[in-house]
Amino acid sequence: MRTGVTELRVLGTKEQLLDSIRERAESDLGIRVHYTALDGMSALQRAILHPDTFDVYDQWHTSDLAWTARAIQPIAIERIERWDEIGTLSLTGRFDSWSKGGQGDSPGRQLWSQPNGMLGNSPSEYVSMVPTVHNADSPGFLPEARRLLGSSEPESWAWLFDERLHGRVAIMADPSLGVIECAMAAQAAGLATFSDLGNLTITEIDTLIDILIEKKKSQHFAGFWSTFEDAVQLVERDDVLVQSIWSPAVTALRARGWEMAVSNPAEGSRGWHSGLCLSSRADPKVVDAAYAYFNWWLEGWAGAQLARQGYYMSVPERTRAHLSDAEWSYWYLGLPAREDIRDNEGKVVARVGQKRDGGSYRDRLSRIAVWNSFMDEHNYLVRRWNEFLAS
């Protein structure tokens, strides 16, 4: 660490810990920011087992586990300058009281510190995280998949199990997310039913894993991925036509000339919401820097960087100020592009006249069927998921 300069250690994933964001934060805040970017499961393990190795944990559905493990500490709302500007969706999982909410750990469910020391949805003066980036995920597909399935085929999670795509499908390797998407696929395909997609029982886990093992043994799956870069490589190898996919992979593929589309499944999408947590072992000398970093994230510049790879931010109007009118209209309003839309490197990801798959921010996030969740039987799920991957 440079003499006289505070160093802030941030743990998270590659999709959100962009070098451009780190460099801008350092410049604006006058501190040194060190990023440790891992895949989701590795980041969680580091956070829980070694809270002394980071100051800020940039996570996307694991704050309750980190809280229970006492790896993170309460964040004082009074120190978050833009807290009152955070959107309702980021606090409740809904845009308004009458809109439909999804199953699972929706935003707000594990947000506030409760008098009993647990997390819950009753507002208090302290939170487990500062809500930031979020999105709705669903399968991505190439034009060849549409040719095989027919142009009138309704978009569905069932495509992940469709025999017409045998050997050309990829899914996530992450058990906590992969099992949700596979449960949605199995249910959509009529192979099983689940009472709560965000919290499967042991019997339901066994049913699903048995289906997956049978599919894997028949070589239905072309591959499994852990990061968005892995998902991109599977397409570029010309192995995969349909796969669960994240927005950074979609924009990366489009920037490279691939016609990757994002489905709008009849069953709804899988939602997720990330946030910034404060390590329970953070040196008191860097806590002020951590709060400065939290507040900086809510000023809009970082949100605009991530908007260009398809993500939404908890303070939309702050983000809007750092996007062009054409970018805001395309990414958030779902309107036809008035000019070529480019990623952060200047590469075209949408041509004039194209619309964002799924429509506007409100349209896409109003169709969440289930939010990222850690299930009650998570340990059992991981054992059986690893059995599936090894089969």
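The values are calculated or read from the model by the stated rules, or taken from the named source; none is laboratory data. If you're wondering where the values come from, they're calculated on a predicted model, not measured in any experiment. Reconstructed Cβ throughout: ideal geometry from the backbone, glycine too, with neighbour counts over all protein chains shown.
Quick notes on this structure:
- Subset of region 142-173 [touching an Asp or Glu at 6+ places or on another chain (Cβ under 6 Å) and closer than 21 Å to G268 by Cβ]: W157
- Considering residues of region 206-246 that are of a type in the set (D, E, K, R), part of a helix (DSSP H, G or I) and farther than 21 Å from Q16 by Cα only, the residue nearest to the chain's Cα centre (by Cα): E236
- Of all residue pairs spaced 6 or more apart or on separate chains, those with beta-carbon atoms under 9 Å, a first member in region 1-14 that is of a type in the set (D, E) and a second member that is at pLDDT 80 or above are E7/I31; E7/R32; E7/V33; E7/H34; E7/D55; E7/V286; E7/A289.
- Within region 21-37, none of the residues are hydroxyl-bearing (S, T, Y) and assigned to a loop (DSSP other than H, G, I, E, B).
- Selection count where residues are closer than 16 Å to L165 by Cβ and of a type in the set (A, V, I, L, M, F, W, C), scope region 212-230: 4
- Some residue of region 247-254 being among the hydroxyl-bearing types (S, T, Y), in a helix (DSSP H, G or I) and closer than 28 Å to Y35 by Cα: yes
- Qualifying residue in region 179-202 (condition: assigned to a loop (DSSP other than H, G, I, E, B), farther than 26 Å from M375 by Cβ, of a type outside the set (S, T, Y) and in contact (Cβ under 8 Å) with a residue 24 or more places away in the chain): no
- Residues in region 40-67 that are crowded, with 18+ Cβ neighbours inside 10 Å and under 15 Å from the mean Cα position of the chain (by Cα): G40, A43, L44, Y57, D58, Q59, W60, H61, T62, S63.
- Residue list for region 48-64, restricted to those being touching a helix residue (DSSP H, G or I) at 6+ places or on another chain (Cβ under 9 Å) and in contact (Cβ under 8 Å) with a residue 60 or more places away in the chain: P51, F54, D55, V56, Y57, D58, Q59, W60, H61, T62
- If you go through region 75-122 and pick out every residue that is surrounded by fewer than 20 Cβ atoms within 10 Å (Cβ to Cβ), touching a Phe, Trp or Tyr at 6+ places or on another chain (Cβ under 9 Å), within 11 Å of H273 (Cβ to Cβ) and at pLDDT below 95, you end up with 1.
- Among the residues of region 40-73, those that are under 21 Å from K285 (Cβ atoms) and of a type in the set (S, T, Y) comprise T53, Y57.
For every residue, the table says whether it meets (1) among the β-branched types (V, I, T); (2) touching a residue at least 24 places away in the same chain (Cβ under 8 Å); (3) within 30 Å of G101 (Cβ to Cβ).
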| residue | (1), (2), (3) |
| --- | --- |
| E339 | no, no, no |
| E345 | no, yes, no |
| F374 | no, yes, yes |
| E377 | no, yes, yes |
| V382 | yes, yes, yes |
| W385 | no, yes, yes |
| L389 | no, yes, no |
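- Answer residue from region 255-276, given it is of a type outside the set (G, A, S) and outside any loop (DSSP other than H, G, I, E, B) and is farthest from L8 (Cα to Cα) among those: V262
- Evaluation of G257 against (1) touching a residue at least 40 places away in the same chain (Cβ under 8 Å); (2) surrounded by fewer than 20 Cβ atoms within 10 Å (Cβ to Cβ); (3) assigned by TED's automatic domain parsing to the domain that holds A185 (one fails), failing number: (1)
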